[in-house]
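Reading through the structure tokens given below for one structure.
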Amino acid sequence: MSLTFVLMGLIALVSLLGFWLPWLKATGCFSPYETVHRGKWWQLFTHGFFHADGMHLALNLWVFYLMGSPVESYLSLVQGERGAVSFLSLFVGGLLFSSLWALLTKSNRPNYKELGASGAVSSLLFAFILINPNQKLYFIFLPGIGIPSVFFGLAYLGYSAWMARRNSDGIAHDAHFTGALFGIGYMLMVRPDLGVYLIELVRYYLGI
């Protein structure tokens with residue numbers, strides 16, 4: 001069975017339980033303060049399975065579906081039987097690594113909390129970009145207008161930076177950056193030559 005669909009199902013189930021049981025979502029949210037000062041280290045993992053609302057959940061699941069399946073297939077192709085473990089490592093590693101910035105910079109802010117699979121999804125997105133940097137991707141609000149995935153990724157990070165500065169919805173927008181770094185680093189460890197192709201493609205588009 002595809003790990004992409006297994007993980008999507010778990011995220012959907014836990015998120016729906018969180019909507020129904022607010023105390024459960026509050027317990028599973030990532031609070032850097034509680035993690036450091038009260039030893040709630042499990043929040044580094046559990047926060048990725050809870051979401052702010054239905055739209056937040058649907059968007060993450062949609063991106064997970066679009067990026068997860070091809071990345072899982074690619075890892076299975078190049079790593080054989082280890083591909084499934086590698087894909088799970090990419091997901092879990094992206095989820096944990098994407099929380100490091102908040103853990104280091106916001107551990108003394110008792111009221112700060114984050115939730116969502118955005119960090120892990122960002123790792124999958126940028127793993128996909130390294131595999132298929134020239135693949136056309138589309139913005140929901142601009143149907144029919146596709147741009148190469150490498151530039152889609154840059155636009156995604158720009159939006160994340162804007163939303164992180166607003167800090168108005170409790171979503172871990174800053175985790176998009178650390179998640180992206182993990183996804184890129186992980187795929188370069190799997191196939192270092194992916195970086196060479198990406199650089200050449202960007203140089204081609206920029207005319208340098």
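Within the range 52-72, is even one residue assigned to a loop (DSSP other than H, G, I, E, B) and either out of contact with any Phe, Trp or Tyr (no Cβ under 6 Å at 6 or more places or on another chain) or among the charged types (D, E, K, R) (or both)?
Looking through the range 52-72, at least one residue is assigned to a loop (DSSP other than H, G, I, E, B) and either out of contact with any Phe, Trp or Tyr (no Cβ under 6 Å at 6 or more places or on another chain) or among the charged types (D, E, K, R) (or both).
Go through the range 80-103 and report how many residues are without any contact (Cβ under 8 Å) to a residue 12 or more places away in the chain, surrounded by fewer than 18 Cβ atoms within 10 Å (Cβ to Cβ) and at negative phi.
The number of residues fulfilling the criteria is 3.
So which of 202, 190 is over 14 Å from residue 125 (Cβ atoms) and at pLDDT 80 or above?
190
Would a scan of the range 107-119 turn up a residue that is farther than 19 Å from residue 41 by Cα and out of contact with any Lys or Arg (no Cβ under 9 Å at 6 or more places or on another chain)?
no
Has the range 42-62 got at least one residue that is surrounded by fewer than 16 Cβ atoms within 10 Å (Cβ to Cβ), touching a residue at least 40 places away in the same chain (Cβ under 8 Å) and closer than 20 Å to residue 179 by Cβ?
Yes, that holds for at least one residue.
For residue 71, indicate whether it is modelled with pLDDT of 90 or more, surrounded by fewer than 16 Cβ atoms within 10 Å (Cβ to Cβ) and aliphatic (A, V, I, L, M).
no
Out of everything in the range 27-41 that is within 21 Å of the chain's Cα centre (by Cα) and either touching a residue at least 40 places away in the same chain (Cβ under 8 Å) or within 17 Å of residue 179 (Cα to Cα) (or both), what residue ends up being surrounded by the most Cβ atoms within 10 Å (Cβ to Cβ)?
Among those that are within 21 Å of the chain's Cα centre (by Cα) and either touching a residue at least 40 places away in the same chain (Cβ under 8 Å) or within 17 Å of residue 179 (Cα to Cα) (or both), it is 30.
If you go through the range 144-162 one residue at a time, do you hit one that is modelled with pLDDT under 70 and either among the β-branched types (Val, Ile, Thr) or under 29 Å from residue 51 (Cα atoms) (or both)?
Within the range 144-162 (the criterion being modelled with pLDDT under 70 and either among the β-branched types (Val, Ile, Thr) or under 29 Å from residue 51 (Cα atoms) (or both)), the answer is yes, since at least one residue qualifies.
Restrict the check to the range 44-51 and report whether at least one residue is in a loop (DSSP other than H, G, I, E, B), modelled with pLDDT of 90 or more and among the aromatic types (Phe, Trp, Tyr).
yes
The values are calculated or read from the model by the stated rules, or taken from the named source; none is laboratory data. Given the structure is predicted, the values throughout are model-derived calculations rather than measurements. So basically every Cβ, Gly included, is an ideal-geometry build from the backbone, and we count neighbours across all protein chains shown.
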